[in-house]
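The values are calculated or read from the model by the stated rules, or taken from the named source; none is laboratory data. Remember, it's a predicted structure, so these values are computed and weren't measured experimentally. Cβ atoms come from the backbone with ideal geometry, glycine included; neighbour counts cover every protein chain shown. These accessible areas exclude ligands, DNA and RNA; they are computed on the full protein's heavy atoms, side chains included. Shrake-Rupley method; radii C 1.70, N 1.55, O 1.52, S 1.80 Å.
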Amino acid sequence: MDSKHIFGGAVAAFLFGFVVLYSSRRREKIKASEKTPTKKNLKSSGNGVCRSNFAGNTDVIIVGAGVAGSALAYALAKDGWRVHVIERDLTEPDRIVGEFLQAGGCIKLAELGLEDCLDGSDSQTVFSFAAVHKDGKRGAISFPSNSSARGFHYGRFVQKLREKAASLPNVNLEQGTVTSLVEENGSIKGVLYKTKGGQEVAASASLTIVCDGCFSNLRSNLCNPKIEVPSYSVGLVLEDYNLPYANRAYFILKDTISITYPISSKEIRCLVDVPGPKQPSISTGEMASYLKTVVAPQMPDELYNAFICAIDKGNIRTMPNRIMPASSYPTPGAFLIGDSLNMRHSVTGGGMTVGLSDVVLLRDLLRPLNDLSNAASISKYLESFCVLRKPTAFAINTLASTLHTVFSSSDEDPARKEMKEAFFNYLSLGGVFSDGLMALMSGLNPDPLSLVFHCFAMLAYAVGSLLLPFPTPKRMCIAARLILVGSGIIFPILKAEGIRATFFPATMPAYYRTPPAQSTDHRETGK
């Protein structure tokens, strides 16, 4: 017995040591990057456009001016890089997703100096979630540490980000459709794109960063093209509602998954998850019938009438939920971030938080550099990006996929039914249990070890609820099935993401990549 305790203690100490080592080294690396002066000596031409002493006119091409692309353009331009952003359509976007920024994403936005982009567009602060389960069960869960999320119209938010980026003199924001990457001697030298007028043009830069979302036509050239569509999000805008609590979102976990949150002072976005690779037809009325007969009865009373009215108005829109692994190919001169690189399920609304985290990380990695022209050495150096982003992206994305897998399953399997009950009851425990899950979901504490702890704690809670006070043979069989089902959900995701890179990134060689040796020509920042 003593030897077992010693062994268990040694394992725990070993894991704890790795966590401490990882945290301390990462803090040191971030501090070092912040203290290292950026070396970008910008020279202004007669027309006020900033130029540097590099060959060519552009340091970085950014494909896509959504949330990640616009934020990255602003961040890099503030550090003095000359940035050319090419966006397919610069008119205000109209989408049903990307309208909820988790609390952790709001913090990342502030780190980039873009928090004011959330103001002045009737965006709404969200302080808590109301979790709604079967049999009238409810639980209110606040964001920990007095933090908050924001709901808004996606188009208004993106336009503010674009305006902020375009206000910098070393940003060229242009409307055009990128058709392909330009490769020369194994390196990406830029892109081919069609201008707004239809002319095909080549643009060159030392580094091309692709962040044009999950529908990117360039992703297959730089990453494993595997894509899964487990479900569709069906979007409605609810009006004329009477909520008992303001500044609260709803997480409705019944026979279907629905999420609602305010996007203006008079509108609530409702997203309904419709499982399966195919969706009911909107044009034939099949979708409206599905929403009224299957989803509407599961709506909270305070949202029911508004939900029915939204269906009757007929403005029903859909969006496929894509799952894409972060398996990029090392390509000198080109790079993927955000939704172009990887996605899990969007049920928790963490995609923008992951994208903004990518932007902060990439900005910090590029800060010590003064030259991007050596594509091979830059590509080798930026391998650390994929390792450093892994824990945050894993925790936020995997929690979303895990919740969707559990709650999109049928109650015909007693084990899956018990898992649903266990999750809701676990949230209702409050304290470190609900705070821990909310910290993960919101991106405030995207720690993979915390995620695994809570996943298996919920599993243990479910098993305990089944076996206590009397473990009948039937209950023992369900408990065994529950353990198998739960392990079958989390372990494949762990394997796909990479256990070593996720939990022990400090053991990965790429974690220690240092900036390549460069010339002594310095450039001042554009700050």
Looking only at segment 212-235, filter to residues that are touching a Phe, Trp or Tyr at 6+ places or on another chain (Cβ under 9 Å) and open to solvent by 10 Å² or more (accessible area, probe 1.4 Å); which one of those is modelled with the lowest pLDDT?
Asn224
Residue that is most open to solvent (accessible area, probe 1.4 Å), among those in segment 193-202 that are of a type outside the set (S, T, N, Q) and either free of Cβ contacts under 8 Å to residues at least 12 places away in the same chain or touching a Leu at 6+ places or on another chain (Cβ under 8 Å) (or both)
Glu200
Applying the selection to segment 146-180, what residues are open to solvent by less than 10 Å² (accessible area, probe 1.4 Å) and of a type outside the set (Gly, Ala, Ser)?
Phe152, Phe157, Val158, Leu161
Regarding segment 242-264, can at least one residue be identified that is touching a helix residue (DSSP H, G or I) at 6+ places or on another chain (Cβ under 7 Å), farther than 21 Å from Val406 by Cα and surrounded by 13 or more Cβ atoms within 10 Å (Cβ to Cβ)?
yes
(1) more than 22 Å from Ser123 (Cβ to Cβ); (2) modelled with pLDDT of 95 or more: which one isn't true of Ile257, the others all being true?
(2)
Looking only at helices (runs of 4 or more DSSP H) that lie completely in segment 403-498, which have at least 2 residues being of a type outside the set (Lys, Arg) and within 21 Å of Ala393 (Cα to Cα)?
431-441, 448-467, 473-497
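Matching residues to (1) at pLDDT below 90; (2) open to solvent by 10 Å² or more (accessible area, probe 1.4 Å); (3) hydrophobic (A, V, I, L, M, F, W, C):
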{"site": "Gly314", "(1), (2), (3)": "no, yes, no"}
{"site": "Asp339", "(1), (2), (3)": "yes, yes, no"}
{"site": "Met343", "(1), (2), (3)": "yes, yes, yes"}
{"site": "Met352", "(1), (2), (3)": "no, yes, yes"}
{"site": "Leu372", "(1), (2), (3)": "no, no, yes"}
{"site": "Lys390", "(1), (2), (3)": "yes, yes, no"}
Test each condition in (1) closer than 30 Å to Thr284 by Cβ; (2) assigned to a helix (DSSP H, G or I); (3) open to solvent by 20 Å² or more (accessible area, probe 1.4 Å); (4) not aromatic (Phe, Trp, Tyr) for Ala376 and report the one that comes out false.
(1)
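Here is a yes/no grid of residues against (1) in contact with a Lys or Arg (Cβ under 9 Å, 6 or more places away or on another chain); (2) open to solvent by less than 10 Å² (accessible area, probe 1.4 Å); (3) of a type in the set (Ser, Thr, Tyr):
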site: Ala73; (1), (2), (3): yes, yes, no
site: Leu90; (1), (2), (3): yes, no, no
site: Gly98; (1), (2), (3): no, no, no
site: Ile107; (1), (2), (3): no, no, no
site: Cys117; (1), (2), (3): yes, yes, no
site: Gly120; (1), (2), (3): yes, no, no
site: Phe127; (1), (2), (3): yes, no, no
Between a first residue in segment 263-283 that is closer than 27 Å to Tyr241 by Cα and a second residue that is among the β-branched types (Val, Ile, Thr) and in a strand (DSSP E or B), which pairs have beta carbons less than 6 Å apart while being 6 or more apart in sequence or on different chains?
Glu267/Val237; Ile268/Thr260; Arg269/Ile263; Cys270/Thr260; Leu271/Ile259; Val272/Val234; Asp273/Ile257; Val274/Val234
Neighbours by Cβ (under 7 Å, 6+ apart or cross-chain): first from segment 405-416, more than 12 Å from Pro275 (Cα to Cα) and among the charged types (D, E, K, R); second open to solvent by 30 Å² or more (accessible area, probe 1.4 Å) and assigned to a helix (DSSP H, G or I)
Asp411/Lys417
Going through Arg344, Arg322 one at a time, which residue ends up being charged (D, E, K, R) and within 22 Å of Ala71 (Cα to Cα)?
Arg344
